[in-house]
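Structure provided below as structure tokens; questions to follow.
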Amino acid sequence: MAAVAERPAGGPSASASAAGQTVTMRIWRGDAAGGAFQEYTVPLEEGMVVLDVVHRIQAMQANDLAVRWNCKAGKCGSCSAEINGKPRLMCMTRMNTFEPGKVITISPIRTFPLIKDLVTDVSFNFQKAKEVPAFKPKPLDPDGKRRMYQEDVDRVQEFHKCIECFLCQNVCHVIRDHEENKQSFAGPRLFVRLAALELHPLDTNDRRELLKYKAGLGFCNITKCCTEVCPEHIHITDNAIIPLKERVVTEFYDPLAWIARKLSGRDPRKGIVE
Amino acid sequence: MATEPYETHEYDVIVIGAGGAGLRAAIEASAKGVRTAVICKSLLGKAHTVMAEGGMAAAMGNVWPEDNWKVHFRDTMRGGKMLNNWRMAQIHAQESPDRVLELEEWGALFDRTKDGLILQRDFGGHRYARLAHVGDRTGLEMIRTLQQHAVHKGIDVYMECNVQRLLKDGDKIAGAFGYWRETGAFILFRAKAVVLATGGVGKSWKVTSNSWECTGDGITLATDAGAELIDMEMVQFHPTGMVWPPSVRGILVTEGVRGDGGTLKNSSGERFMFKYIPEFFKAETADNEKEADAWYEDKKNNRRTPDLLPRDEVARAINSEIKAGRGTPHGGVFLDIASRRPADYIQKRLPSMYHQFKELADVDITKEPMEIGPTCHYIMGGVRVDADTTATAVKGLFAAGEVAAGLHGANRLGGNSLSDLVVFGRRAGLHAAEYAQALPSQPVVDAGEVERVMHNLLKPFENTGGENPYAIHADLQETMQSLVGLIRVEPELKEALDKLAELRKRLDNVSVLGGRQYNPGWHMALDLHNMLTVSLACTVGAIARKESRGGHTRDDYPTTDPHFAKVNLVMRQENGEMRLREEPLPEMPDELKQLFEEGH
């Protein structure tokens, strides 16, 4: 029972107690027509995350401050923002990671059109999702069941961890400052989705055309910005984008390779990053 | 009276809510060939279903071939303290395996057994390992699978659109009226049938696992439209929510921690659940640590660990330990898996719990125990529905998922919610579509009624210098937490009634700052109507049920009462008042009754 008794009485952040402290935040206020940063100072409490402070500002000083959030536990991907310029989930950014007394700046994610304050129009992502050819499973096993093995499922489950926070889309330089590329580029989130479908042991659908042309996979030059910001730590570049690129090269010009892979349900690919 | 233009859309079936139940309903309705739309308050894929962690209960028998629907049915009824609607429990147990397999057909990837089948995990109150799961993020897998399937079926989705009122043509549903959050503009849906799939009510309590969305919208829409509610006093406090630091208090810690070997301990390291095994579960629960630990591997020769008693029992036990002074420094108890399972096993089985504690509490759950305590999680009560069709008392109005009542009785078993969503979501979509197809013409919406609703919705902008909606909300949460919480007594419940009446008056005087565009203060002011409605219904039910059963514990009536064992408390609004009456439970057929007599 030693593990129980050894727990310090003050809790995890006892050394950096926030009692009596305040914090000042600069938050973007405005809409598509324009706006400015506004400063708010509110009391801090132990263990707070950035979203807690935003909620406190909303409750006490700015009832109409627009912010998206749902689960407050890093599971829904709603509260993406740029905190001191870094794209993060507000609910998973602890206040004790900032230097006490320093003003913290929060702005909306930049790649998508602003609606109001910290809320942006992310409909681009939902539009692109519609263009992905759906999952199409192969026939059932002769006994009416489906069998898949954990080792084949593991790598696709990594992609299924995606919470659609769109931070990867936000930092992707192909679209971050290039509105004109959005037409012909789906972005890292959709590449993860495409990889999940392409590597699904049961799937039989053909997405090679989409990958090569409409999704714009070729635009990506593997700078790994997307991987760095992923709050689910999905190896977007190594495990999703690079294998898709290899596939476009080999299978687009060698349809037999594509058929062989679809029939076996297995991927000969090596070098998965764990 | 203020009036302004609004957009109008016409459908056969509209589904309000895009969690598991709403999406499944929409998929089914659309498959029947009717014009279908989904309307949701958040972005698609963000609904509270993503928070479901442990899994989806279905007697597939992949791990324990002995399992079948009858065992699942019996577990569900006993977990619900026999207050369940037997027919819903039967349908649920019979159909959930097919709904799991259907998700797999649509691309979901559940964890696998060695033979390549869907793996199943142990959970509280389930006799066999029964929960199909994906690590501890099963809800995310469900919602993403349904979301993508729905998108490819071409169903119209209205995101960040909030329905405020159902409209009727005589006694029939005619549509729904609401607003776009983004612009604040109004929107009218003319519809032959409406499916409510709006989820729960947890945002009325201070310590809750629920998100901002869980404000009892569907229950309020239904009762405002004349439907009946049942069992509104039955609120589940999940035994394991985070307690520290204060800002994360209430966030859910999956029951999967205990399902995978974790155990509850008090401040002196005692596994206290052995002291709290109720008579009702004695025969099937281990009374010593050795047997409890052996049960995980060998269920034939051992009885289940008391750590996995149904949630109501565990939550009360934790509460008693804390009250007796045996709690942790931050007012919880310990949940320990670190000393019981290897670190890599914990990381593989419970990745998001590991992440959550590491990031939010600086606790490494592979090395240290967690501090946990009860958190408001789920309402078993809600809109009264027909077991087979999910139809409510209002023609053309259907309800499925947490908003509907009956399946879970007085207490829901873990894992029975995700399966509930898809089993009854499908039925709601099917029967709403059939109802719409049989209706000869589109019902007529009363334009005058629309104008009255619009006027009400804009009232908070006209009040100046009134109440801050967030302050009213904070006081409501304080009231429900302290007076209508896990343990209840009559004087406190009556005090709650007075406070709720005061809050209702304050809400009349609420005012909002800023404009119509994406204004959370306005949205909160409107949601408060729903939160106050469900809080009142819960309190009225809690006063009337003079016994303790499942999610309803009365300190002044600490035992079950044979009279209340046989009745639902049915509520209906009449002239603005909640009227309550008792109605006998539906009678279970003899062949099902036998399942409880054979001593399974």
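The values are calculated or read from the model by the stated rules, or taken from the named source; none is laboratory data. Keep in mind that what you see is a predicted model, and the values were worked out from it rather than measured. Ideal geometry is used to build each Cβ from the backbone, glycine not excepted, and the neighbour counts take in all protein chains shown. Ligands, DNA and RNA are stripped out before the accessible areas are found, and what is left, the full protein with its side chains, is counted by its heavy atoms. Shrake-Rupley method; radii C 1.70, N 1.55, O 1.52, S 1.80 Å.
How large a share of the accessible area of chain A, in percent, is made up of carbon and sulfur atoms when the probe is 1.4 Å and the other protein chains stay in place?
Answer for chain A: carbon and sulfur cover 56 percent of the accessible area.
Another one. Which of the GluC sites (Glu not before Pro) across the stretch B:49-135 are loop residues per DSSP, with 14 or fewer other Cβ within 10 Å?
Filter output for the stretch B:49-135: B:66.
Just to verify a number: what accessible area does residue B:548 come out at with the full protein assembly present, 1.4 Å probe, Å² rounded to tens?
About 10 Å², ignoring ligands and nucleic acids.
Report residue B:527's accessible area, 1.4 Å probe, all protein chains in place, as a number in Å² to the nearest 10.
So the heavy atoms of residue B:527 present about 10 Å² to solvent.
Sticking with this one: For an R0 of 60 angstrom, estimate the FRET efficiency from the Cβ-Cβ distance between residue B:3 and residue B:358 and round to the nearest 0.05.
Efficiency for this residue pair is about 0.65.
How many nm is it between the label spots at residue B:597 and residue B:452, if each spot is 7 Å from the Cα in line with the beta carbon?
5.3
When Cβ neighbours within 10 Å are restricted to other protein chains, what is their mean count per residue of peptide B:103-115?
Averaged over the peptide's residues, the number is 5.
Right, next: Using the heavy atoms of the protein chains alone and a 1.4 angstrom probe, what is the accessible area of the stretch B:447-567 per residue in square angstrom?
39
Something else: Run the helix sum for chain A: -39,500 (n - 2.57) per DSSP H stretch of 4+ residues, divided by residue count, reported at 222 nm to the nearest 500 deg cm²/dmol.
-8000 deg cm²/dmol
Using the basic label-point model (7 angstrom from Cα toward the beta carbon), what is the residue A:150 to residue B:300 distance in nanometres?
Going from the residue A:150 label point to the residue B:300 one covers 2.3 nm.
Find the accessible area per residue for chain A; the probe is 1.4 Å, ligands and nucleic acids are left out, and the unit is Å².
Accessible area per residue: 43 Å².
What quantity of accessible surface, computed with a 1.4 Å probe and excluding non-protein components, is buried in total between chains B and A, in Å² to the nearest 100?
Buried: approximately 5900 Å² between A and B.
Can you grab the distance from the C-alpha centre of the stretch B:437-477 to the C-alpha centre of the stretch B:12-56, Å, no decimals?
23
Turning to a different aspect of this structure: Output the lone cysteines of chain A: those with no second cysteine's C-beta under 4.7 Å from their C-beta.
Within chain A, the cysteines lacking a partner Cβ under 4.7 Å are A:79, A:91, A:162, A:165, A:172, A:220, A:225, A:230.
To continue, here is another question. Taking R0 as 25 Å, what FRET efficiency do you get between residue B:555 and residue B:289 from their Cβ-Cβ distance, rounded to the nearest 0.05?
Efficiency for this residue pair is about 0.25.
So which of A:136/B:153; B:168/B:192; A:138/A:245; B:32/B:192; A:130/B:46 end up more than 20 Å apart by C-alpha?
A:138/A:245
Could you tell me whether the protein assembly as shown comes out rounded, prolate or oblate from its Cα gyration tensor? Rule is a ≥ b ≥ c as square roots of the eigenvalues, rounded for a/c under 1.5, then prolate if a/b exceeds b/c, otherwise oblate.
Note, shape of the protein assembly as shown comes out rounded.
While we're here: Using helices alone, I'd like the mean residue ellipticity at 222 nm for chain B: each DSSP H run of four-plus residues gives -39500 (n - 2.57), total over residue count, nearest 500.
-11500 deg cm²/dmol
Picking from A:146, A:261, A:247, which is most flexible by a Gaussian network model of chain A using Cα springs under 10 Å?
Maximum among the listed residues: A:146.
With an 8 Å Cα cut-off and a minimum separation of 6 or more residues, compute the relative contact order for chain B in percent.
Once divided by the residue count of chain B, the mean separation gives 21 percent.
Using the per-residue mean of other Cβ atoms lying within 10 Å as a proxy for protection, in what order, highest first, do the peptides B:121-131, B:475-485 fall?
B:121-131, B:475-485
Run through the DSSP bridge list for chain A and note the antiparallel percent, rounded to the nearest 5.
Looking only at bridges with both residues in chain A, the antiparallel portion is about 90 percent.
Given R₀ = 22 Å, what would the calculated FRET efficiency be for residue B:481 paired with residue B:326, taking r from the Cβ atoms and rounding to 0.05?
For R0 = 22 Å, the calculated efficiency reads 0.50.
Taking the convex hull of the Cα atoms, report for the stretch B:239-375 its projected area averaged over all directions, in nm².
Projected over every direction and averaged, the Cα hull of the stretch B:239-375 covers 7.8 nm².
State in Å² the accessible area per residue of the stretch B:198-291; use a 1.4 Å probe, count heavy atoms of protein chains only, and round to the nearest integer.
Using a 1.4 Å probe on heavy atoms only, each residue of the stretch B:198-291 averages 23 Å².
Give the cross-link partners of residue B:546 among the aspartates and glutamates, using a straight C-alpha distance below 12 Å as the criterion and excluding same-chain residues fewer than 8 apart.
B:233, B:490, B:555, B:556, B:561
Once you put a point 7 Å from the Cα of residue B:343 and another 7 Å from the Cα of residue A:141, both along the Cβ direction, what distance in nm separates them?
Calculated label separation equals 3.6 nm.
Next up: In peptide B:42-54, what is the residue-averaged number of other protein chain Cβ atoms found within 10 Å of each Cβ?
5
Does a label point 7 Å from the Cα of residue B:462, set along Cα-to-beta-carbon, have any residues of the stretch B:1-22 with amide nitrogen under 20 Å, and which are they?
Zone members listed by number: B:1-6.
With both bridge residues required to lie in the stretch B:239-375, what share of the DSSP beta bridges run antiparallel, to the nearest 5%?
Once the DSSP bridges in the stretch B:239-375 are tallied, antiparallel ones form about 90 percent.
Taking each residue in B:350-363, count the Cβ atoms of any other chain within 10 Å of its Cβ, then average. What number comes out?
Average per residue, whole number: 4.
Hey, another quick one. Roll a 1.4 angstrom probe over the protein heavy atoms and tell me the percent of accessible area of the stretch B:239-375 that is carbon or sulfur.
For the stretch B:239-375, the apolar C and S fraction of the accessible surface comes to 49 percent.
For residue B:348, which lysines qualify as cross-link partners when the Cα separation must be under 16 Å and same-chain residues fewer than eight apart are set aside?
A:161, B:114, B:358, B:367
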